[in-house]
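*Asks:* This is the structure, below, for whatever I ask next.
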Amino acid sequence: MKEKTTAIELRGITKVFGTVLANDSIDLIAYKGEILALLGENGSGKTTLMNMLSGIYKPDGGEIFVNGQSVIINSPEDSKRLKIGMVYQHYKLVESFTAADNIWISAAHENYPLLTGERYEKIRTICDSFGFEIDPKKIVGDMAVSEKQTVEILKVLYNGADILILDEPTAVLTLQETKKLFAILRKMRDAGCAIIIITHKLNEVMDISDRVTILRKGKSVATVETSATTAKELTDLMMGHAINLSIEHPEVTPGEILLELDGVTVKGEEGTLALDNVSFELKSGEILGVAGVSGCGQKELCDAIAGLQALENGKILFKGESIEGKSPRDIIHRGISMSFIPEDRLGMGLAASLDITNNMMLKNYRDGHSPLVNRRKAIKEARHVVRELGIITPSISTPVRPP
């Protein structure tokens, strides 16, 4: 058997945020020429752990070894010099720049800050080599989320990282894009790169990884060979108890029509038709799935229903009442209980610099009868949400994403 060479070793890594112990003395090893899957529930500490490798956070305890050498990573630049590249779940791009410029500014250049046209050709060459389909001159602000994720992946490849960390990289990719990405990862693994992939998708873990490390409540509970485990065993380790993976589909008798779309037509940001004469009904007691590859109108459909997108034609009815043309605020004031979770949860769904209390207030702070904002009510609601949904946070006053 070929002897493995260690690329990354974490010994006793600990990270604390206020009263929350995010990582508790975690040990982890990633070898060159392998793909290691990091598995765990939301809040188990996976991304926090990897953020200490990428230089976003500093550990409060423990040691980091890269290629057998003890290192201190104080910043993303330190991580980059160690040839560690991380593809984040939430993209870190300049919206007004092109794809090529975002990729170019992520790298060190002798002629910085002078721009040359060569960057476009180099990006196209990388895209052609790995099979990515993206226009280097396209403005990031005009891209779909999947395209932005592709730019993030290209940034890491452009910088020549041989230790690659991917945080939920396939969350916004189509099946075809996922297959292409996995083909790239396998090529990098075969070339001797160490790859760590964070994912909740057990089928992806079984498909792409060589080993799996499972985190639970901030602790590393096991590391197993993928070929010697099953999805059932991984789920049990992740949850801490036996889980029944069988899903029952009870028969449901649909009730009244709650939502109806009739001939809805919507134009996208570039003026082309995003939705063309879309009609369907949603009845109480039903779950309606909308299938399609990314960029085929799903975002515009949700935005139109939520009152964020103007219609070119058609009707949207809630219990027979027309709601097209009405703002989200108007829809709420009509007593319609409709919740919308956008695809970009952090960028569009939340104000990342604000805490839970202030985010709760954004929806109804104008509803009071006094010129003063009722923070007591918001604090009560925030505490209720944290308690009922099991949100892990040092306090309701902690920003959603620390600066």
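*Asks:* If you check SER353, SER337, SER370, which single one turns out to be of a type in the set (S, T, N, Q), exposed (fewer than 15 other Cβ atoms within 10 Å of the Cβ) and at pLDDT 85 or above?
*Replies:* The unique qualifying residue is SER353.
*Asks:* Further question on the same structure: Can you name every residue in the stretch 173-196 that is under 13 Å from GLU34 (Cα atoms), among the aliphatic types (A, V, I, L, M) and out of contact with any Gly (no Cβ under 9 Å at 6 or more places or on another chain)?
*Replies:* Matches in the stretch 173-196: LEU185, MET188, ILE195, ILE196.
*Asks:* Tell me which residues, restricted to the stretch 276-299, are closer than 15 Å to GLU324 by Cα and surrounded by 16 or more Cβ atoms within 10 Å (Cβ to Cβ).
*Replies:* VAL278
*Asks:* Additional query: Taking the criterion of being in contact (Cβ under 8 Å) with a residue 40 or more places away in the chain and basic (Lys, Arg), would at least one residue in the stretch 275-294 satisfy it?
*Replies:* No, the stretch 275-294 contains no residue that is in contact (Cβ under 8 Å) with a residue 40 or more places away in the chain and basic (Lys, Arg).
*Asks:* Tell me which residues, restricted to the stretch 304-334, are surrounded by 14 or more Cβ atoms within 10 Å (Cβ to Cβ) and more than 30 Å from TYR91 (Cβ to Cβ).
*Replies:* Correct list: GLY314, LYS315, ILE316, LEU317, PHE318, ILE323, GLU324, LYS326.
*Asks:* Continuing with the same structure: Is at least one residue of the stretch 373-391 surrounded by 14 or more Cβ atoms within 10 Å (Cβ to Cβ), among the acidic types (Asp, Glu) and more than 21 Å from the chain's Cα centre (by Cα)?
*Replies:* Yes, the conditions are met somewhere in the stretch 373-391.
*Asks:* Further question on the same structure: LEU282 fails exactly one of the following numbered conditions: (1) under 30 Å from ALA144 (Cβ atoms); (2) out of contact with any strand residue (DSSP E or B) (no Cβ under 6 Å at 6 or more places or on another chain). What is the number of that condition?
*Replies:* Single failed check for LEU282: (2).
*Asks:* Of (1) surrounded by 18 or more Cβ atoms within 10 Å (Cβ to Cβ); (2) of a type outside the set (Asp, Glu); (3) modelled with pLDDT under 85; (4) part of a helix (DSSP H, G or I), SER129 satisfies all except one. Which?
*Replies:* Condition not satisfied by SER129: (1).
*Asks:* Of the numbered conditions (1) in a strand (DSSP E or B); (2) in contact with a Leu (Cβ under 8 Å, 6 or more places away or on another chain), GLU300 satisfies every one except a single condition; which is it?
*Replies:* GLU300 satisfies every listed condition except (1).
*Asks:* Taking interchain pairs and intrachain pairs at least six residues apart, which have beta carbon atoms under 8 angstrom, with the first residue in the stretch 380-403 and under 20 Å from LYS46 (Cβ atoms) and the second surrounded by fewer than 13 Cβ atoms within 10 Å (Cβ to Cβ)?
*Replies:* PRO394/GLY18; PRO394/THR19; THR398/GLY18; VAL400/SER353; ARG401/SER353
*Asks:* Name the strands (runs of 3 or more DSSP E) wholly inside the stretch 1-92 in which the number of residues that are within 25 Å of the chain's Cα centre (by Cα) and closer than 26 Å to VAL172 by Cβ is 2 or more.
*Replies:* Because the criterion is at least 2 residues that are within 25 Å of the chain's Cα centre (by Cα) and closer than 26 Å to VAL172 by Cβ, the strands (runs of 3 or more DSSP E) in the stretch 1-92 that meet it are 20-31, 34-39, 84-87.
*Asks:* Please go through the stretch 216-230 and give me each residue that is touching a residue at least 24 places away in the same chain (Cβ under 8 Å), in contact with a strand residue (DSSP E or B) (Cβ under 7 Å, 6 or more places away or on another chain) and closer than 14 Å to LEU49 by Cβ, ordered by number.
*Replies:* Within the stretch 216-230, GLY218, LYS219, SER220, THR223 qualify.
*Asks:* Looking at ILE103, is it within 30 Å of LEU237 (Cβ to Cβ) and crowded, with 17+ Cβ neighbours inside 10 Å?
*Replies:* So ILE103 does not fit the description; no.
*Asks:* Something else: Can you name the condition, by its number, that ALA291 falls short on among (1) at pLDDT below 90; (2) in contact with a Ser or Thr (Cβ under 7 Å, 6 or more places away or on another chain)?
*Replies:* It is condition (2) that ALA291 fails.
*Asks:* May I pose another question? Select, from GLY368, GLY297, GLY390, GLY325, the only residue that is assigned by TED's automatic domain parsing to the domain that holds GLY263, more than 30 Å from LYS179 (Cβ to Cβ) and not charged (D, E, K, R).
*Replies:* That would be GLY325, the only listed residue that is assigned by TED's automatic domain parsing to the domain that holds GLY263, more than 30 Å from LYS179 (Cβ to Cβ) and not charged (D, E, K, R).
*Asks:* Select from the stretch 61-97 the residues that are modelled with pLDDT of 90 or more and of a type in the set (Ser, Thr, Tyr) and write down the one among them that is nearest to ASP344 (Cα to Cα).
*Replies:* SER96
*Asks:* Separate question: If GLY349 satisfies all but one of (1) more than 27 Å from LYS148 (Cα to Cα); (2) free of Cβ contacts under 8 Å to residues at least 12 places away in the same chain, what's the number of the condition it fails?
*Replies:* Here GLY349 meets the rest and fails (1).
The values are calculated or read from the model by the stated rules, or taken from the named source; none is laboratory data. Keep in mind that what you see is a predicted model, and the values were worked out from it rather than measured. Cβ sites come from the backbone with ideal geometry, for glycine too, and all protein chains shown count toward neighbours.
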